[in-house]
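The values are calculated or read from the model by the stated rules, or taken from the named source; none is laboratory data. As the structure is a computational prediction, the values presented were derived from the model and not from experiment. Cβ coordinates were reconstructed from backbone atoms using ideal geometry, including for glycine residues, and neighbour counts include every protein chain displayed.
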Amino acid sequence: MARAKKSEVAHAYAVRLMQHLVVPTFVIDAKRRVVIWNRACERVTGVAASEVLGTSRHWRAFYAKRRYCLADLVALGRPDKLSELYPEQHTVPDGNSFGFSAENWCVMPKLGDRLYLALDAGPIHDEDGNLIAVVETLRDMTDQKRAEMALKALAVKDGLTGLANRRCFDLALEMEWSRAQRTKKPLALLFADVDHFKLFNDQHGHQRGDECLREVAAVIGESASRPIDLAARYGGEEFAIILPETDREGACKVADRLRQAVMDLRITHDAAGAGPWVTLSVGVVAHVPGSDVGPDWFLGQADQALYAAKRLGRNRVITADAMLAAFADPERRDRDPPDLAHAARR
């Protein structure tokens, strides 16, 4: 009896201790029913202890749909579910005897907000090694995570236009080139340049020039409509769009829609030697990568096609193969540029 009394006193003391911990903590028993839900846990989740004690509904504090919490995985001995449920990060200590640690975005239905929580769940065993409870602690890392995400975004985004920056573009081109080599699918690249942009700056000033680039960039960003596409500011008034799994015909359609969309902005130019509106020249290349050439060659082809579009009168789309044909044939080179541009877009 004395031993039982001491055990009850120890349990009551442990519960009071848990309640006053500043670390949000809850405890489930071996049947995954909540036995402790401390005040700090109430504050961070917005869920009162009375709503979850004696139930297995603790998941409702964190998620909109029923799913396992980290403590459940410890109780069930399911480390195989960690990667599926906690893709952000997870660790499994050797032997799985000390529980799991993970980080995860939680939707927090009661709070109406998403929180990024660092989670630690550890088992409690009796003297015979039987599981009697699992303790899960929570740390709100939302501010740190959002700051980290913001820094990552700054590292890959162009500060003026919000498109991907040159570093991000270079990495993406290498990656997509390698992927296209493996899949044997075409990869397309659009290289675009705002026509007579120096004259625009001279006529309207650099502040209006920045506004012009932002307006054009917004249209370019919209043209990269699929999740796998990437629109980037290559430098100055030059932009690039990577179009995976896209052949020449598809790339030319995107390029011509983009060229027309920039014209439809009706951004006044009117500088001497330029037309009434800001326009765009676009060079296009599409290729199924092999082992004979690399991304640098691919980029060079798009750059040369853009150069040809400039030489042939601007405000047009030229493909790399049409560019080679045009400048290899003196008679065709002197032909009316719009005819050549039309042939390149067919």
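The table below gives the values:
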{"quantity": "All positions within the range 29-43 that are over 13 Å from His58 (Cβ atoms), among the hydrophobic types (A, V, I, L, M, F, W, C) and in a helix (DSSP H, G or I)", "calculated": "Ala40"}
{"quantity": "Residues of the range 95-154 classified as touching a strand residue (DSSP E or B) at 6+ places or on another chain (Cβ under 7 Å) and part of a helix (DSSP H, G or I), total", "calculated": "2"}
{"quantity": "Residue among Leu17, Leu70 that alone is closer than 14 Å to Thr137 by Cβ, free of Cβ contacts under 8 Å to residues at least 12 places away in the same chain and not aromatic (Phe, Trp, Tyr)", "calculated": "Leu17"}
{"quantity": "Checking Trp297 against (1) of a type in the set (Phe, Trp, Tyr); (2) free of Cβ contacts under 8 Å to residues at least 24 places away in the same chain; (3) not in a helix (DSSP H, G or I), the condition it does not meet", "calculated": "(3)"}
{"quantity": "Subset of the range 158-178 (residues that are assigned to a helix (DSSP H, G or I) and either more than 21 Å from Val293 (Cβ to Cβ) or under 18 Å from the mean Cα position of the chain (by Cα) (or both))", "calculated": "Arg166, Arg167, Cys168, Phe169, Asp170, Leu171, Ala172, Leu173, Glu174, Met175, Glu176"}
{"quantity": "Count - residues of the range 254-269 that are touching a residue at least 24 places away in the same chain (Cβ under 8 Å) and either part of a helix (DSSP H, G or I) or over 27 Å from Arg208 (Cα atoms) (or both)", "calculated": "9"}
{"quantity": "Filter pass, Lys81 being more than 27 Å from Asp143 (Cβ to Cβ), assigned by TED's automatic domain parsing to the domain that holds Ala133 and modelled with pLDDT of 95 or more", "calculated": "no"}
{"quantity": "Residue in the range 293-312 that is at pLDDT below 95 and farther than 17 Å from Phe191 by Cβ present", "calculated": "no"}
